[in-house]
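In what follows, a structure is listed as structure tokens, so that the remarks can point back to it.
Since every read-out is calculated from the coordinates, none of them should be taken as a lab result. Just so we're clear, the structure is a prediction, and the values are computed from it rather than from any experiment. Using ideal geometry, Cβ is built from the backbone for each residue, glycine included, and neighbour counts are taken over all protein chains shown.
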Amino acid sequence: MIQHSFRSVALAGLAFCVLMMAVALGLEHIGGFEPCPLCIFQRVAVIAAGIVFAIAAIHSPAGRVGKVIYGLLALIAVGTGAFIAGRHVWLQGLPADEVPSCGPGLDYMMEILPMQDVVSMVLTGSGSAPISISPCWAFRYPPGR
């Protein structure tokens, strides 16, 4: 069995986070897709995981306790992102008559509401995700054609 160093595993996790952010930003800026609040929350979770992986790779603890702590921190960040992604997919899979109404934009909510209310509003329902994207969106450029 191949034994990988802690640093190489952390760097692989960091590289994957960088790749996910590159794809997300490419879809936004090149592909013309506007991110919904859930998309932005997913990006925050990916960035948080990337930061944990970067610090873990730089520190590269020798002891088991440090490795477990970095692993748990990364698991929390990745788990949060997976939960948000699951909620996002669930919302997009709802029939059209059951999709919650679109709320205000995230920047507007951040200006007028406390953070706890913003998180609650975004996670309890936002129909602002692009429900009509077909599974073949990756092969259409520009979107909608």
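Once you place label points 7 Å from the Cα toward the Cβ at ARG64 and GLN116, how far apart are they in nm?
According to this spin-label approximation, the distance is 3.9 nm.
For ILE76 and MET1, compute 0.36 nm times the residue count separating them, minus their Cα-Cα distance, and round to one decimal in nm.
Numbers: separation 75, 0.36 × 75 = 27.00 nm, distance 2.79 nm.
Gain on extension, ILE76 to MET1, equals 24.2 nm.
Label the stretch 6-95 by shape, choosing from rounded, prolate and oblate, from the square roots a ≥ b ≥ c of the eigenvalues of the Cα gyration tensor; if a/c is under 1.5 it is rounded, and otherwise prolate applies when a/b is larger than b/c, oblate when it is not. The partial results should precede the final answer.
On the way: a/c = 3.59, a/b = 1.83, b/c = 1.96.
Judged from the Cα gyration tensor, the stretch 6-95 comes out oblate (a/c at least 1.5, b/c at or above a/b).
Using θ = phi - 60° and the Karplus relation 6.51 cos²θ - 1.76 cosθ + 1.60, list the HN-Hα couplings for the stretch 64-70 in order, rounded to whole Hz, with x at every Gly or Pro.
With the stated coefficients, the stretch 64-70 comes to 5, 4, x, 5, 5, 4, 5 Hz.
Figure the gain on full extension for ILE30 and VAL18 (residue separation times 0.36 nm, minus the Cα-Cα span) and round it to one decimal in nm.
That works out to 2.6 nm of additional length.
For ALA24, what is the net charge nearby, where nearby means another residue's Cβ is under 15 Å from its Cβ and Lys, Arg count +1, Asp, Glu -1?
-1
Residue by residue, what Karplus-based ³J(HN,Hα) values in Hz, rounded to whole numbers, does the stretch 72-85 have, using 6.51, -1.76 and 1.60 with θ = phi - 60° and x for Gly and Pro?
5, 4, 5, 5, 5, 5, 5, x, 5, x, 5, 4, 5, 5
Which whole-Hz ³J(HN,Hα) couplings does the stretch 39-50 yield from phi under the Karplus relation 6.51 cos²θ - 1.76 cosθ + 1.60, θ = phi - 60°, glycine and proline marked x?
For the stretch 39-50, the Karplus curve yields 4, 5, 5, 5, 4, 4, 5, 5, 5, 4, 4, x Hz.
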